[in-house]
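A.B. asks: I have a structure here, written as structure tokens, and I will follow up with some questions on it.
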Amino acid sequence: MKALVKKHAEEGLWLEDVPLPKVGNNDVLIKIQKTAICGTDIHIYNWDDWAQKTIPVPMTIGHEFAGSIVELGANVEGLELGDLVSGEGHIVCERCRNCLAGRRHLCPNTIGVGVNRTGCFAEYLSIPAKNVYRPNTPIPPEVLACFDPYGNAVHTALSFNMVGEDVLITGAGPIGIMAAMVAAHCGARNIVITDLNEYRLNLARTIVPKAIPVNVAKETITRDMMRALGILEGFDVGLEMSGSPDAFREMLSKMINGGGIAMLGIMPNGTGINWDDVVFKGLHIKGIYGREIFETWYKGTMMYQSGLPLEKIITHRFHYSDFQQGFDVMRSGESGKVVLSWE
Ligand code: NAD
Ligand code: ZN
């Protein structure tokens, strides 16, 4: 079968012929229909420090997908051939304290599909049946392929109650924009979203008309700006989705006393902050890794079913044979989600 492989320990990806994956007794084989490119895949493409430390070479990469089940391992129950599915890319141990308590997103033994083991940028993917997600409502395959990053947005955005609240989102990447969709869907009062990238701020405004874009390359969020929106004491909820220390510090300084910040963006080690903003304001800061398995998937599905326009985050579509164009547009920063078709 064809697969996108990190073949050499250098920048790039290679379209290769590889053997069909093995299907164990507890696994399912999925014929891939659509995949989406994640920021993680760009790190792997670029072969940055993190990728060099993490990714075994050669390996098929990718973890955002939708496809249909074409083979069931001998022990698999409750799934059928032909089911349209996606899958949770974090494979957890089921034995640690958190797994046993049902907090599987906190498993310290997590293995990542397309990061630590063979991924989905291929014609077929084999994963454990326990990681398969079969939605109970019709979802187009290209939209279902975005459920992993959408799940990051859902997990982060639902960490604090948003009804009637003023929300600051730093970073209008695909996940930041999806978080803005969730905030609008959940009845936030004001949604301010920041970025340095005009394309992405425009995309955010187009998809979430309620969102107020601020280009922090040109202006900062001022108290006057906030007052004009009725935000007198500060933002109630902050969603950090940029990984930028500047953005995080700015967020801390604009929060209301007792506010909540959910952090998805990965800060560089050693990032300094003004601790007075945390301690004297009594902020609640929550780190977010992955998705709650499978509560986040359920919530995401139900919000999509009840009108959240997730499909709008897809801005580019390519056949897998044109993967280079897909990676180029993702790397340019002028995109939302980029989907590759494997049909
Ligand atoms: P992305 O890189 O596409 O988007 C980040 C955006 O932040 C970009 O548009 C960038 O221009 C913007 N940005 C940079 N500096 C900024 C600043 N000072 N102020 C405001 N915006 C700024 O990333 P994504 O795929 O949307 O993911 C969002 C973040 O979440 C990334 O940092 C990613 O590494 C992280 N992430 C974490 C997890 C997790 O499980 N914790 C999972 C997925 C992604
Ligand atoms: Zn575990």
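A.B. asks: Select from region 65-94 the residues that are within 19 Å of residue 155 (Cα to Cα) and among the small types (Gly, Ala, Ser) and write down the one among them that is nearest to ligand 1 (Cβ to nearest atom).
C.D. replies: Among residues in region 65-94 that are within 19 Å of residue 155 (Cα to Cα) and among the small types (Gly, Ala, Ser), the one nearest to ligand 1 (Cβ to nearest atom) is 89.
A.B. asks: Follow-up. Can you list residue pairs whose Cβ atoms sit under 7 Å apart, with the first residue in region 180-194 being open to solvent by 10 Å² or more (accessible area, probe 1.4 Å) and the second being aliphatic (A, V, I, L, M) and more than 15 Å from ligand 1 (Cβ to nearest atom)? Count only pairs 6 or more apart in sequence or on different chains.
C.D. replies: Short answer, once both residue conditions are applied: 185/303; 185/308; 186/162; 186/163; 187/162; 187/163; 190/229; 190/231.
A.B. asks: Can you name every residue in region 305-343 that is open to solvent by less than 40 Å² (accessible area, probe 1.4 Å) and in a helix (DSSP H, G or I)?
C.D. replies: 310, 313, 320, 323, 326, 327, 329, 330
A.B. asks: Tell me, please, whether a residue that is open to solvent by 10 Å² or more (accessible area, probe 1.4 Å), over 22 Å from residue 310 (Cβ atoms) and outside any loop (DSSP other than H, G, I, E, B) can be found in region 237-246.
C.D. replies: Checked region 237-246: at least one residue is open to solvent by 10 Å² or more (accessible area, probe 1.4 Å), over 22 Å from residue 310 (Cβ atoms) and outside any loop (DSSP other than H, G, I, E, B).
A.B. asks: Restricting to region 95-104, and then to whatever is within 16 Å of ligand 1 (Cβ to nearest atom) and part of a helix (DSSP H, G or I), can you tell me which residue is farthest from residue 293 (Cα to Cα)?
C.D. replies: 98
Every residue, every condition in (1) over 26 Å from residue 236 (Cβ atoms); (2) in contact (Cβ under 8 Å) with a residue 60 or more places away in the chain, yes or no:
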position	(1), (2)
274	no, no
287	no, no
290	no, yes
294	yes, yes
297	yes, yes
303	no, yes
311	yes, yes
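The values are calculated or read from the model by the stated rules, or taken from the named source; none is laboratory data. Keep in mind it's a predicted model, so treat the numbers as computed, not measured. Counting neighbours? That spans all protein chains shown, and the Cβs are built from the backbone with ideal geometry, glycine included. These area figures cover heavy atoms from the full protein model, side chains too; ligands, DNA and RNA do not enter into them. Shrake-Rupley method; radii C 1.70, N 1.55, O 1.52, S 1.80 Å.
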